[in-house]
Structure formats: structure tokens, C-alpha cells
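Encoded as C-alpha cells, the structure appears first; notes follow it.
Read the figures in this text as sums done on the coordinates, not as results from a lab. Note that the coordinates shown come from a computational prediction; the quantities given were computed from them, not determined experimentally. So basically every Cβ, Gly included, is an ideal-geometry build from the backbone, and we count neighbours across all protein chains shown.
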Amino acid sequence: MKIIDLRSDTITLPTEEMRKAMYEAELGDDVFGEDTTVNRLEQMAAERLGKEAALFTPSGTMSNLVAVLTHTHPGEEILLGSEAHILWHEVGGASTLGGVVMRTIPNDQDGRVDPGVMEQTIRPKQMQYPQTTLLCLENTHNRCGGTVLTPEYTSAIADLAHHHGLRVHLDGARIFNAAIALNVPASELAKPADSVCFCLSKSLSAPVGSLLCGTQEFIGRARKWRKMLGGGMRQVGVIAAAGIIALQEMVNRLADDHANAQHLAQGLAHIPGIAIHPEKIQTDIVMFEPPTTMSAPEFIEQMASRGVKFTYPGGRRVRAVTNRMVGTADIDEALNRVELFVRELG
Ligand code: TLP
């Protein structure tokens, strides 16, 4: 039985072209700044995101953590959406290692936070309060179902945060999905933010790596934090080489993943008992609810034994993420298997 893996776009394997580039990569010691392949990737990333400089990190988690460490001091407070990846899926590193208070603002279903509520949440300068110094946004928004933040919204909320003396970090793990969905350059989505990170290892199919982008001065300090966290890597051009191909070749094809997500959502909507709003699917993430006769973890377990893999984001929800390893015919097969299972339930 063919396994159809919709757990995440992180499962994508490197392409032949990536493997060849990795094999042939020109290398050096990146802690000395001498890996020309890494230098090239960092420069490309900074250009694509419209920032002065970039830093290659092993993961999105480390990029976000380094951003928080570089923007803040221990004892300060950062604002995040209530569904932020930094809050839910990064082991609390910002608090544990950065010593910052994580304060949440409700995320709406599109992954936004309300500007008025954000403004009200910023602490006045008062001796007893921690100082609020950073706002973190997420685009696309993972737990809100791959929803996109527009350049207009991002500018408006970042302007307000800046007006109150906060800095703004954008977790753009899937920023190229947002750029493709909105048909705008990623740099436009990143422009209002002081820093932005994105992942090569998700829908762009590179095996490892993320980039944190910002000003020269910011990235200079970030480089030191990365070293402290043990993220100073040596001949890492061997991985960065795949990242270069990811940026050059893999961005435009994201439209295929989005079309497959739409196809999956439409198909699920036709299966009696499945709750889903296909019109809300904007990129490669599809959230839905299984028939009420079973819990989401039960449904996921049953489907895994039928060769279709999903993940559990909590509550009644099931998550599917389309990706390069799963074609339209596989989506049809996944839909058949779900339908068969749901029909068996009666
Ligand atoms: N997201 C993963 C899981 O951690 C949930 C996934 O499968 O979607 N920011 C965002 C918005 C992310 O979605 C992720 C990974 C990260 C940061 C962290 O990236 P990595 O996994 O490289 O540390």
C-alpha cells in the first residue's frame, strides 16, 4: 500500500539537483566566514527578503529563538498571537533561554491580532511591569491553517508597534507560500518587520536550514547568539548548496501545493460527516474535523493504518499539509481512503 504522507511539508526530500549541488559545493569554515556557498545563500536570502543581511541557522526554531535573543533582554515582555508557533511548538525557548515573558493576544481565524487589542496590551512604562519590547507575527500562520497576512495588514500593525517603541519579528517559516498566494514579492511581506526568518526545509524541499534576515548590525549580533546556542557550523555549505537551489527553483511550484490543498479540501467537503471550510484554505495547510463519532487522534490513528498520514494540532482538528512528495493522484487516493473509512463507520 502506498503511504500518502500529509503530516507536513517538512517531509519533502531534496531533489536530484539539490543532491548534485550538495556534492559539488565549494566549502570552507563558516565560523570563520569562509564558506563561500553559505555566504552566497545568505546574500541571496537577504536580497529576496529585502533586508541587508542574513544568517543561516539549522532550523526555524533556532532562527526564531536567535531573533528573540537579539531583539530583547531578559526580563522584558514579548507579544505573540495566542496560536503562535513560537508559543506552542518551540519548547518555550524564548522564556527558558531568553528570559522573556510571553504575553498573548488572541489570534483571529486568519492568523491576525487586532491592532487595537495589541496597543492595549503594550505595558505602560511602570516600575512594576516588565517592559514590552517585541511583537512577533507569523506568515503564513501555521495553527490558523496556513492563512496569509497581507502587506497592508503587516504594515499597519508593525507601524503601530514601532510607534510604541516595539520591534517586530516575523516568523515567515512559509513566507514564500504567502508570497505565491498573494502574488506579491516576499520582500513586500517582510518590509514592515525588523527581522524575518524563513525555512528552506519545508515546502521548498531543502533537507535542512532556515535563514534569519535583518540589518547588518542585527545579524552581526544574531551571529554571536547563534554561536552561543551551538549553531555555529563548519563546512555547512554542504547543506546551504541545497538551499540555493530551493530559492532558485522551488518557489514558483508552491502554487501546485496550494492547488492540491484546495483539491483535498473540496474533496473532504463532499464526504458526509467531515467538517471543513474549503473557502478558508489559502495555502498548503488544510484543517478539518472528523465525524463527531470519533476523536481527532482516533481518526488520525485509523487513517495512518490505512496509509494516509495526518497530524494532530489539538482539539477536534486534523491537519493535512500538501507537499512536493504528494501529487494530485495521491490526493485522490487519500480522499478515497478517507471516504471508505467514514462509510465503514456508518
Ligand atoms: N512547523 C512544523 C511543526 O513544528 C508544527 C510543521 O510541521 O508545520 N515557524 C513555523 C510557523 C513553523 O511552522 C515551524 C515548523 C517552525 C517555525 C519551526 O521550524 P523547524 O521545524 O525548522 O524548527
Just going by the charge dipole of the range 1-126, with Lys and Arg at +1 and Asp and Glu at -1 on Cβ, which of Ile122, Thr70, Thr57 is farthest out on the positive end?
-> Ile122
The simple spin-label model distance between Glu34 and Glu119, using points 7 Å out along Cα→Cβ, in nm, is 5.4 nm
How are the C-alpha pair distances of the range 76-223 spread across 5 Å bins, as whole percents from the shortest bin up?
-> 2, 10, 19, 24, 22, 15, 6, 2, 1, 0
Please provide three numbers in whole Å: the alpha-carbon extents of the range 202-243 along the principal axes, with the largest listed first.
-> 29, 21, 15
Relative to the longest principal Cα axis of the chain, at what angle does helix 36-49 sit, 0 to 90 degrees, rounded to 10?
-> 80 degrees
Distribution output for the chain: share of Cα-Cα pairs per 20 Å bin in percent, first bin at 0, values 31, 55, 14, 0
What is the local net charge at Ile86, summed over the other residues whose Cβ is closer than 13 Å to its Cβ (Lys, Arg +1; Asp, Glu -1)?
-> -2
Using every Cα-Cα pair within the range 190-346, state what percent have a distance larger than 25 Å.
-> 45 percent
Radius of gyration, Dmax [the range 253-345; alpha carbons; angstrom] = 12.1, 38
Cβ density ranking, 10 Å radius, fewest first, applied to Trp88, Trp225 yields Trp88, Trp225
Relative contact order (%) - the range 102-222, alpha-carbon pairs under 8 angstrom, separation at least six | 19 percent
Could you list log10 I(q)/I(0) for the range 68-147 at q = 0.15, 0.17 Å⁻¹, which the Debye formula gives when each Cα is one point scatterer?
-> -0.51, -0.65
As a percent rounded to 5, the proportion of antiparallel DSSP bridges among beta bridges in the chain is 50 percent
Can you pull the semi-axes for the range 131-204, root of five times each eigenvalue of the Cα gyration tensor, sorted largest first, whole Å?
-> 21, 13, 10
